[in-house]
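Each remark here refers to the structure printed beneath this line.
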Amino acid sequence: MANLDRQLEDAIERARRGDWSAYRACLDAVREALARHASGDEYAIAQRQLDTLSAAAPQHDPEGCLAELESLALALRGRGLSSARVPVQPLDLRGLQPPEPIVRIFEQLERSPAQPLRAILPHEPVPLYALLRERGFTFSGAPRADGSYELLIERA
């Protein structure tokens, strides 16, 4: 599994740098490592995502390829096939009137309950904590330098 984690992290790093030939080589290495660690449905699902990534032209949609690769890493982590921690793009909820930030958080968690969610809020969302616990989520957060609050929410 360490090999799969390393290959995923390498592919993500190459995508971030725009080193597309090395990125493609890393995708091949991820495919090989995945074949050693996965089977059945989990392998088929991951294989489809890898096929999509391999067929894409990352130089024309680098953000899309990186997002898809990070989604694959999160999915593999959710299935216990990877321990790689992939940075999650934050959901910026500053500037919204209550209860809109909480509504959007729960909409996102409903769409992708197994994926971690990072949210940036105008302040610490203390009323949200009990609701998250009731629904089986854990959370951690910290104030940001600009005075807002960043919260990471994950399935317990």
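Residue by residue through segment 5-15, note down the ones that are at pLDDT 80 or above and either in contact with a Ser or Thr (Cβ under 7 Å, 6 or more places away or on another chain) or within 17 Å of GLU68 (Cα to Cα) (or both).
GLN7, LEU8, GLU9, ASP10, ALA11, ILE12, GLU13, ARG14, ALA15
So which residues in segment 104-128 are closer than 17 Å to SER140 by Cβ and hydrophobic (A, V, I, L, M, F, W, C)?
ILE105, LEU109, LEU117, ALA119, ILE120, LEU121, VAL126, LEU128
When you scan segment 131-149, do you find a residue that is at pLDDT below 90, among the basic types (Lys, Arg) and assigned to a loop (DSSP other than H, G, I, E, B), even just one?
The answer is yes, given that some residue of segment 131-149 is at pLDDT below 90, among the basic types (Lys, Arg) and assigned to a loop (DSSP other than H, G, I, E, B).
The values are calculated or read from the model by the stated rules, or taken from the named source; none is laboratory data. Only a predicted model underlies this, so the values are computations on that prediction, with no experimental measurement involved. All Cβ positions, even for glycine, are placed from backbone atoms using ideal geometry, and neighbour counts span all protein chains on display.
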